[in-house]
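Q: Questions regarding the structure given below will be posed in turn.
Every number here is computed from the coordinates shown, using simple stated rules; none is lab data. Just so you know, these numbers come straight off a predicted model, no measurement behind them. We place every Cβ from the backbone using ideal geometry, glycine too, and count neighbours over all the protein chains shown.
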Number of protein chains: 2
Amino acid sequence: MAGLKQVQRQTGVALWRQIADRIREAIGTGAYDETGMVPPETVLALQFGVNRHTVRSALAALAQEGIVRAVQGRGTLIERKERLNFPITRRTRFTAGIGDQARETRGLLLDEAREGASAEVARWLGLKPGEQVVRLETLRHADKRPVSKATSWFPAARFAGIGEAYRKHESITKAFAELGLSDYVRATTEVTAAHASTADLADLELTPGAILLIAKAMNTDLDGVPVQYSISRFAADRVQFTIEN
Amino acid sequence: MAGLKQVQRQTGVALWRQIADRIREAIGTGAYDETGMVPPETVLALQFGVNRHTVRSALAALAQEGIVRAVQGRGTLIERKERLNFPITRRTRFTAGIGDQARETRGLLLDEAREGASAEVARWLGLKPGEQVVRLETLRHADKRPVSKATSWFPAARFAGIGEAYRKHESITKAFAELGLSDYVRATTEVTAAHASTADLADLELTPGAILLIAKAMNTDLDGVPVQYSISRFAADRVQFTIEN
DNA sequence: CTAAAATGTCTATTGATATAGACAACCATA
DNA sequence: TATGGTTGTCTATATCAATAGACATTTTAG
């Protein structure tokens, strides 16, 4: 376990960033749970085969993220360590999915627009390109920390008031209910990963280089008619998905 | 579509690498299918808001990967374009999942070991920690390109010869069949994303900073008894997962 | 109280990254 | 064959990333 951890040079990714990513991951998997601290800078420098200053740059980045806190004379303490689990099933819902993993969840409506459906959106919602849809940009929190940012499209003919309803209830499920849709199911989910865009970095309180888990999902009513297509971006170091079959 | 594409400075990730990643992704999603070429260097430089030399560094990296080929006087041609789709269902199998997306698939056995189950492995396989398991490290190709690397554990009592059988058939499904297990189902799948380790980078022919989609999966026989626990790492820019409910 | 161990700060040097400008070489086509 | 558009090459400069060493400051343990 204490073997030589490797980093690669001249790849366009700074060593301090590679090291920061490794340490963040190690914290997430509980590697330092016994002490609650990161190993000393000199030890890390030896393990990664780099200068102590390079390790310090990595730790400074993690401190900026609020993951660790350095205390002179003592060491570098782990402040935060979290990874929420999201079950993806036929009955996937954001708030219910978090369940007892957080005490308080919120849903913030960042933007609402009525627009013509793009080819992609039209295909998923079973519309013709250009047909009117409502687009919502939402940001979801768990215990006051941003967890995911989502862009959702709804057929405008059926769900014209979805934005207002979401703003009131802070929940898609309740907004649907107010508009007369009492139940819906997850039809399909596509999962990918990518680096975050600038806008997503800011809203999700991430640092550049961070990874997103991206879920493209389509929900239908009980008759199989598409009611929502959404692209949700999750901070990869804060969540994982679980698919139960 | 021709809007300002964004890159971030002072993040520890070189601009040329960020740009290379964006272009690779754009190629993968078919953004340049009409011409079969990447836009001219001067146009890309304008779109990303960087110097032309920086774009050239990015394109050089993609050329090194064999994704594009620059031709003086004409432009930069797209050589290869790939993103495989993996359905995750109760009947998930690697080879069958690829289906007609590739002509030839191979499964290479990198390593085989018999060992005591760790706490995590024991939990998933329903064993006591320390009970004997067989661990296989496998590398799967589609059309001669590495797609995923997997670590799998099997109860040693029941599947002692799984390594030999896999080496012969290059398929878990066929190896199971040889050992008397004619059918099995996917019980649960956990999906996360992370930066690749050095070993995975090499085997999957990736550059540092590349993102992995990680699927932790547990398969059972038809009686619900666990037969396999595996951690598969996929190059995120080459694959996506689809969950149909 | 002292020593060891840990983080904090400073200076200096080297190589990688990014910008800027100029011009050569090559290709397609009018 | 002339021209415009494209990639290839060169020089120069400024900033970031990484190494190296020295020493200060703080905490913990003996």
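Q: Put a label point 7 Å from Cα along the Cβ direction on residue A:40, then list its distances to the equivalent points in the other copies in nm, shortest first.
A: 6.0
Q: Which net charge results when you count Lys and Arg as +1 and Asp and Glu as -1 among the other residues whose beta-carbon is under 14 Å from that of residue B:70?
A: Values: positive: B:52, B:56, B:69, B:74; negative: B:41, B:65, B:79.
Net charge around residue B:70: +1.
Q: Which whole number of Å³ per residue matches the convex hull of the alpha-carbon atoms in segment B:1-62?
A: 81 Å³
Q: Among B:77, B:229, B:105, pick out the residue whose Cα is farthest towards the positive end of the charge dipole of chain B, where Lys and Arg carry +1 and Asp and Glu carry -1 on C-beta, about the Cα centre.
A: Result: B:77.
Q: On a straight-distance basis, which aspartates and glutamates could pair with residue B:149 in a cross-link, Cα separation under 13 angstrom, same-chain partners fewer than 8 positions away excluded?
A: B:111, B:137, B:200, B:203, B:205
Q: Right, here's the next one. Which residue, B:51, B:61, B:35, has the largest displacement toward the positive end of the dipole of segment B:24-66 when charges sit on each Cβ (Lys, Arg +1; Asp, Glu -1)?
A: About the Cα centre, the residue reaching furthest to the positive side is B:51.
Q: Considering amide H positions built from the backbone, and no H for Pro or chain starts, which residues 5 or more places from residue B:86, or on another chain, come under 5 Å of its amide H?
A: B:240, B:241, B:242
Q: Calculate the translational D of chain B in whole µm² s⁻¹ from Stokes-Einstein, where the hydrodynamic radius comes from the Kirkwood formula applied to all Cα pairs, the temperature is 25 °C and the viscosity 0.890 mPa s.
A: Answer from the Stokes-Einstein relation: 123 µm²/s.
Q: Continuing with this model, one more query. What does the copy distance list look like for residue A:161, label position 7 Å along Cα→Cβ, in nm and ordered from shortest?
A: Listed shortest first, these distances are 6.9 nm.
Q: To continue, here is another question. Counting only other residues whose beta carbon sits under 12 Å from that of residue A:231, what net charge do I get with K and R as +1, D and E as -1?
A: Cβ neighbours under 12 Å give a net charge of 0.
Q: Taking each label point as 7 Å beyond Cα in the direction of the beta carbon, state the distances from residue B:81 to the same residue in the other copies, shortest first, in nm.
A: Those separations, rounded to one decimal, come out as 4.6 nm.
Q: Output ³J(HN,Hα) for segment B:24-29: one whole-Hz value per residue in order, computed from phi by the Karplus curve 6.51 cos²θ - 1.76 cosθ + 1.60 with θ = phi - 60°, and x for Gly and Pro.
A: 4, 5, 4, 4, x, 8
Q: Report, as an integer, the average count of C-beta atoms from other chains found within 10 Å of each Cβ along A:182-191.
A: 4
Q: Under the definition of partner shielding as Cβ atoms of other protein chains within 10 Å of a residue Cβ, what is the mean value for peptide A:123-133? Let's see the in-between values first.
A: Numbers: counts 0, 0, 0, 0, 0, 0, 0, 0, 0, 0, 0.
That average works out to 0.
Q: Which chain A residue puts its Cβ closest to the axis that rotates A onto B, and at what distance in whole Å?
A: Taking Cβ atoms only, the nearest residue and its distance are A:193, 1.
Q: Compute the signed sum of charges (Lys and Arg +1, Asp and Glu -1) over the other residues within less than 13 Å, Cβ to Cβ, of residue A:41.
A: +3
Q: Can you list the HN-Hα couplings for segment B:45-62, worked out from phi with the Karplus curve (6.51, -1.76, 1.60; θ = phi - 60°), rounded to whole Hz and with x for Gly and Pro?
A: Ordered by residue, 3J(HN,Hα) equals 4, 5, 4, 8, x, 10, 6, 4, 4, 5, 4, 5, 4, 5, 5, 4, 5, 5 Hz.
Q: If you place +1 on the Cβ of every Lys and Arg and -1 on the Cβ of every Asp and Glu, how big does the dipole about the Cα centre of chain A come out, in debye to the nearest 20?
A: 480 debye
Q: Provide a whole-number value for the mean count of partner chain Cβ atoms within 10 Å of the Cβ atoms in peptide B:8-20. Could you put the intermediate results ahead of the total?
A: Details: counts 8, 1, 2, 10, 16, 9, 6, 1, 1, 3, 5, 1, 1.
Counting Cβ atoms of other protein chains within 10 Å of each residue's Cβ and averaging gives 5.
Q: Relative to the Cα centre, what is the charge dipole magnitude of segment A:140-245, using +1 at the beta carbon of each Lys and Arg, -1 at the beta carbon of each Asp and Glu, and rounding to the nearest 20 debye?
A: The dipole magnitude comes to about 200 debye.
Q: About the Cα centre of the protein assembly as shown, what is the dipole size in debye to 20, counting +1 per Lys and Arg Cβ and -1 per Asp and Glu Cβ, all else neutral?
A: 740 debye
Q: On to the next question. Calculate for the protein assembly as shown the 222 nm mean residue ellipticity that helices alone would give, adding -39,500 (n - 2.57) per DSSP H run of length 4 or more and normalising by residue count, nearest 500 deg cm²/dmol. Working shown, then result.
A: Details: 16 runs with 136 residues, N = 490.
Calculated mean residue ellipticity at 222 nm is -7500 deg cm²/dmol.
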